[in-house]
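Below is one structure, written out as structure tokens; comments come after it.
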Amino acid sequence: MGDRYRKGRFYPGMPPTPTSFRPGEKLMTPAKFAVRVKPDGGCEVWTGGKCHKTGYGKVTFNYRTWLPHRLAWTFTHGPIPEGMRVLHTCDNRLCVKLSHLFLGTAKDNTQDMLAKGRNRFGPNAPHKHGHPPERR
């Protein structure tokens, strides 16, 4: 076990084995996941950890950081196919309600964003300097 740790730090590339748990680490299960989900309007919102830069939630499962909506999909439907993304119909980044999630490609995600006017220069976008779109 000494080669797995150096100065008390776990090497992330090591395959998970019963002896490679970090001290105090607990494994995420669907039941523990459900405790961190609360209804909010029509959505079921993740109340666990959040990434302040992106506004998405984050959760650790099998020694990896996951987005909660991807983990909810994986718990229910199995692995996400290569090249696919889990998209939101409700545009709420913290929503994990399965009826609000669907699989799509990066192109589908971009088309959905443009159709809903959520792009950086769309009619609903906040303007960095307060200028109307005509002046850009």
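Derivation of every value follows stated rules applied to the coordinates shown; laboratory data play no part. Given the structure is predicted, the values throughout are model-derived calculations rather than measurements. FYI the Cβ positions are ideal-geometry reconstructions off the backbone, even for glycines, and counts take in every protein chain you see.
Data for the structure
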read-out	value
Other-chain or far-sequence residues with amide H under 5 Å of GLU44's (modelled H)	VAL96, LYS97
Phi-based couplings in Hz for region 74-88 (Karplus 6.51, -1.76, 1.60; Gly and Pro marked x)	5, 4, 8, 10, x, x, 7, x, 4, x, 9, 10, 9, 10, 9
Qualifying trypsin sites (Lys or Arg not before Pro) for region 41-119 [loop in DSSP, other Cβ within 10 Å: at most 14]	LYS53, LYS116, ARG118
Global geometry of region 24-104, whether rounded, prolate or oblate, following the gyration tensor of its Cα atoms and the 1.5 cut on a/c	rounded
